[in-house]
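What follows is a single structure, written as structure tokens, with notes after it.
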Amino acid sequence: MPARPKHRDAIVDSAIKLFRLRGYSATGLNDIVDESRAPKGSLYHYFPKGKASIAEAAVTVASRRIGEAMTRLSEQNTSAAGLVRAWGELLAKWMAGSNFRAGSPVTTTLLELAPDELAVTKAGRKAFANWRRIVSDKLVGDGVTAAQADRLAALVIASFEGGLIQCRVEARPDILLTIARELESLLGTVGTSVRKA
């Protein structure tokens, strides 16, 4: 297995952090260099196309980490309803832990760059598709048809991503917890009706 690039991971991690806190436009390359403690030359070495290519990497890495967290929660819960409750609780905890300063590491970047930056937009589409698939697979496991599972999974992801914005603006974790409870109830009802049919 080849060695990991020495400073690339630090640059991407720093970009994820700063884009969440400040947004893409308000984060300069010097900010990323300072936060990562990587030599400025490393930034241009790993990302010769500039800041947008850092954003693409940040969206890709952050979305993978989110997907991994969702997958762990999916494995720990027996139903899609349990998954969304646990996911909402974790998001609320993360937001409160950041003092409501850190938004979604994916959505905050996409709001500024999509659809104009095609590579970033593509990374965002892949992220949302992966998250929807995790929820959809769980719903199919509950007995929901694939088509309905896809629609419900889209609702779940859209609800939480919008909830993160509201939670940040209003500094209230209960927004995410309310979304989680309502989605849990909805998905529990869908799963129950399928099992009774």
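A compact table of results
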item: Among residues of region 34-54, those that are part of a helix (DSSP H, G or I) and either acidic (Asp, Glu) or farther than 20 Å from Thr108 by Cβ (or both), counted; result: 9
item: Some residue of region 69-87 being surrounded by fewer than 21 Cβ atoms within 10 Å (Cβ to Cβ), at pLDDT 95 or above, in contact with a Phe, Trp or Tyr (Cβ under 8 Å, 6 or more places away or on another chain) and among the charged types (D, E, K, R); result: no
item: Filtered residue count, region 1-45, keeping only those that are more than 28 Å from Ser98 (Cα to Cα) and at pLDDT 95 or above; result: 0
item: Filtered residue count, region 55-105, keeping only those that are aromatic (Phe, Trp, Tyr) and not in a helix (DSSP H, G or I); result: 1
item: Region 9-26, residues that are buried (at least 21 other Cβ atoms within 10 Å of the Cβ), of a type outside the set (Val, Ile, Thr) and in contact (Cβ under 8 Å) with a residue 60 or more places away in the chain; result: Phe19, Arg20, Tyr24
item: Hey, Val135 in contact with a Gly (Cβ under 8 Å, 6 or more places away or on another chain) and within 24 Å of Arg168 (Cβ to Cβ) or not; result: no
item: Qualifying residues in region 88-103 (those that are surrounded by fewer than 22 Cβ atoms within 10 Å (Cβ to Cβ) and of a type outside the set (Gly, Ala, Ser)) - the one nearest to Gln166 (Cα to Cα); result: Phe100
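To keep it simple, each residue is scored yes or no on (1) closer than 24 Å to Thr108 by Cα; (2) under 17 Å from the mean Cα position of the chain (by Cα); (3) assigned to a loop (DSSP other than H, G, I, E, B).
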position	(1), (2), (3)
Lys138	no, no, no
Val144	no, no, yes
Ala149	no, no, no
Ala154	yes, yes, no
Ile157	yes, yes, no
Glu161	yes, yes, no
Cys167	yes, yes, no
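The values are calculated or read from the model by the stated rules, or taken from the named source; none is laboratory data. What you see is a predicted model; the values in this text were computed from it and never measured. Positions of Cβ are backbone-derived with ideal geometry, glycine not excepted, and every protein chain shown enters the neighbour counts.
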